[in-house]
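**Student:** Please read through the structure below; I'll follow up with questions.
No lab work stands behind these numbers, since they all come straight from the coordinates. Since the model is a prediction, treat every value here as computed from it, not as a measurement. FYI the Cβ positions are ideal-geometry reconstructions off the backbone, even for glycines, and counts take in every protein chain you see.
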Ligand code: G4P
């Protein structure tokens, strides 16, 4: 992929133009950008913590998860997250390991924050699907998997909590193959589970790694590896488990497909691992093999054709915004995924939505939870946080060079919960408006207005889950000092209509959209709120000219 690089000729002409140097090439090859998808409670926080331990980004386990019962990670920096023990906002955790720079895009686990996760996945090159061994595939994992599939992301599977009673490994392989249509290639195979969990067999190296129960803080369980032929193994594993392992190994070799990296890259095959994040077992094995197989920053489709990291100009897109990352500074940050070229602090880029307007990227930082480090340069695969004085929106592309580059927009999830938001105090109108505008810009929720309203009634917040609405109320109070009141609406789905208001009024006059609420989005586009899917299906059948769609891109 990187061979096609040809140095551009007008190198000397433009001071800031980035040309793919050998340094950039090697920086690209050593980068791995991935996100973890999982159902809440599968152990994502625990696994993240262990990965960071390997990277030396933290020194002890307690640095990420507090030892107390409350959950708190470096990435859970918001007060409400700490109080509720949920992870709300995605951040990027960057660490070095074994000659690689790993960018772990942290995604919120709670189902209500699927939208944030969805956007974050647009910035990832690989996804790690974390599965609880006792539960198998769960709802949120399935949903996020669909997003990965849409994006064609390579997927790696880590079956966690093998130290607890687990489903059989064959059953887990079957479940993933059947439900997700993925070819599963076990890279390691578990020996027992729960109290009898003895370790894993590394199929490539043909050795057994023995499991020892470890305290939570240890840096890593020592990798004690014995070949299958080791005479001491039957005793160590017990004769039953040893016999089972011998049988399993024979069957695996005979029946399982072999690893085909091209298929993994196309998202057709998933390498599978087993372990126990809590005991730090199997994590290093996974990490080493993942780094060997996984995709370095990959090319992406744009309006200017496919752009890979070897493209000589700088390109990137905004996938997430966040206000008040540090409440003391009241700042706003736009997270940009770099797709090609070298990022340099202070560089000038063109802003595609603003028709090529030149923007100076003076303030850039890499983030580690709440700690932010100012950076001077960054490479494809990296995520940088840019100071955002209102210039950037989700999906914006930035680039250098004469040719306009636009990455595909990131659509919003279709909202499923709706509530009027009231500002009971007229004196706080300004703060109310500022807070709503900034939180909207972040894409935390969407805002709709009743049609023909013209500012008379309160706006309607539209979100994927109720918790998102609560977060808005909470942040309005904490960050903008405004006590708001939410009044829930009983609608459960929104559909944008690509028809004109005349068509919509005609359908209304004919009684075809009876019961639906006619709204406008922020850009004045028609949106209909429905109480159930049955009604939507009826409208689709009886008034197809309304052209209902579940979501719309920002214009
Ligand atoms: P999440 O971010 O995916 O929601 O999961 P998290 O890491 O918070 O883990 C959820 C629970 O599962 C935690 O227990 C955690 O300790 C436990 N856990 C994670 N990995 C393993 C594992 O490999 N084996 C076992 N046995 N447990 C695991 P908790 O009781 O909710 O919290 P805590 O009191 O342990 O901190």
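**Student:** Tell me, what is the FRET efficiency for residue 433 and residue 225 to the nearest 0.05, using R0 = 60 angstrom and their Cβ-Cβ distance as r?
**Tutor:** Once rounded, the FRET efficiency stands at 0.45.
**Student:** Rounded to whole Å and ordered largest first, report the semi-axes of the equivalent ellipsoid of the range 442-517 derived from its Cα gyration tensor (root of 5λ).
**Tutor:** The equivalent ellipsoid of the range 442-517 has semi-axes of 29, 13, 11 Å.
**Student:** Still on this model: With contacts defined as alpha carbon pairs under 8 Å and 6 or more residues apart, what's the relative contact order of the range 422-526 in percent?
**Tutor:** In percent, rounded to a whole number, it is 32.
**Student:** For labels at residue 487 and residue 532 in the simple 7 Å Cα→Cβ model, what's the distance in nm?
**Tutor:** 2.5 nm
**Student:** In whole angstrom, and with the biggest value first, how far do the Cα coordinates of the range 184-319 range along each principal axis?
**Tutor:** Cα extents, longest axis first: 62, 39, 22 Å.
**Student:** Okay, next question. Roughly how compact is the range 494-555, stated as its Cα Rg over 2.2 N^0.38 Å to two decimals?
**Tutor:** Compactness ratio reported: 1.01.
**Student:** Right, something else. Gain in length, residue 549 to residue 240, computed as 0.36 nm per residue apart minus the alpha-carbon separation, to one decimal in nm?
**Tutor:** Gain on stretching residue 549 to residue 240: 105.5 nm.
**Student:** Separate question: If you rank 399, 480 by fewest surrounding Cβ atoms within 10 Å, what's the result?
**Tutor:** So the residues, fewest neighbours to most, are 480, 399.
**Student:** So what's the convex hull volume per residue for the Cα atoms of the range 383-484, in Å³?
**Tutor:** Cα convex hull per residue, to the nearest whole number: 153 Å³.
**Student:** Also: Hey, fewest Cβ within 10 Å first, where do 496, 534 land in order?
**Tutor:** Ordered from fewest to most neighbouring Cβ atoms within 10 Å, 496, 534 come out as 534, 496.
**Student:** By the gyration tensor of its Cα atoms, with a ≥ b ≥ c the square roots of the eigenvalues, what is the shape of the range 405-445: rounded for a/c under 1.5, prolate for a/b over b/c, or oblate?
**Tutor:** Verdict is oblate for the range 405-445.
**Student:** If you take the square roots of the eigenvalues of the alpha-carbon gyration tensor of the range 232-299 and sort them as a ≥ b ≥ c, do you get rounded (a/c under 1.5), prolate (a/b over b/c) or oblate?
**Tutor:** Here the range 232-299 falls in the oblate category.
**Student:** What is the distance, in nm, between label points placed 7 Å from the Cα along the Cα-to-Cβ direction at residue 512 and at residue 23?
**Tutor:** Here the answer is 6.2 nm between the modelled labels.
**Student:** Hey, what D do you get for the range 163-215 in µm²/s if you plug the Kirkwood alpha-carbon radius into Stokes-Einstein at 37 °C and 0.692 mPa s?
**Tutor:** Stokes-Einstein gives a translational diffusion coefficient of 270 µm²/s.
**Student:** So for the range 239-344, what percent of the C-alpha to C-alpha distances run longer than 18 Å?
**Tutor:** Tail of the P(r) past 18 Å holds 73 percent of the pairs.
**Student:** Can you check how the C-alpha radius of gyration of the range 417-555 compares to 2.2 N^0.38 Å, as a plain ratio?
**Tutor:** 1.09
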